[in-house]
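Here's the structure, in structure tokens; my notes come after.
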Amino acid sequence: MNYSIQFPKIALRIIREQELIIGPLAWNEARKVSGLQIINSEKEEVSFQNDDPKNTIDKLVFQYERIFGRASHIACRNAVQDLVAEMSPDEIPSSLK
């Protein structure tokens, strides 16, 4: 399993799930997360700007939780359950465990 491919999928799935709840604001909030670059929100292209994508995913989850509360955190975790199920426990960002 190539986790460098998995992390952008996880980030996109989280952003899309939040977008269902809060609309385009989800992309604006994702842009505020250091380490995550939104290349093109319409084409749903993201990249990671650092060597620690787990930490960046955690920051993304907490960005939404900080504004929208615990339910937002749960929505993020539920949105990526199938993706993290394929990962080893040490690869999974702590916010998604």
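Just for the stretch 1-38: of the residues that are of a type in the set (Val, Ile, Thr) and either out of contact with any Ser or Thr (no Cβ under 7 Å at 6 or more places or on another chain) or modelled with pLDDT under 95 (or both), which one is surrounded by the fewest Cβ atoms within 10 Å (Cβ to Cβ)? Within the stretch 1-38, the match that is surrounded by the fewest Cβ atoms within 10 Å (Cβ to Cβ) is 5.
For the stretch 78-97, the candidate set comprises residues that are surrounded by 10 or more Cβ atoms within 10 Å (Cβ to Cβ) and not hydrophobic (A, V, I, L, M, F, W, C); within that set, the residue that is farthest from the chain's Cα centre (by Cα) is 86.
Every residue, every condition in (1) more than 21 Å from residue 81 (Cα to Cα); (2) basic (Lys, Arg), yes or no:
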{"site": "13", "(1), (2)": "no, yes"}
{"site": "19", "(1), (2)": "no, no"}
{"site": "23", "(1), (2)": "yes, no"}
{"site": "31", "(1), (2)": "yes, yes"}
{"site": "36", "(1), (2)": "no, no"}
{"site": "40", "(1), (2)": "yes, no"}
{"site": "50", "(1), (2)": "yes, no"}
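Contact annotation: residue pairs with Cβ atoms under 6 Å, 6 or more positions apart or on different chains, pairing a residue in the stretch 21-42 that is free of Cβ contacts under 8 Å to residues at least 24 places away in the same chain with a partner that is of a type in the set (Asp, Glu), are 39/45. Take the residues in the stretch 71-97 that are hydroxyl-bearing (Ser, Thr, Tyr) and assigned to a helix (DSSP H, G or I); name whichever of them is nearest to residue 22 (Cα to Cα). Step by step, filter the stretch 71-97, then rank; the result is 72.
Of the numbered criteria (1) β-branched (Val, Ile, Thr); (2) more than 23 Å from residue 5 (Cβ to Cβ); (3) in contact (Cβ under 8 Å) with a residue 60 or more places away in the chain, the one residue 80 fails is (2).
The values are calculated or read from the model by the stated rules, or taken from the named source; none is laboratory data. Computed from a prediction, not measured in an experiment: that's the story for all the values here. We place every Cβ from the backbone using ideal geometry, glycine too, and count neighbours over all the protein chains shown.
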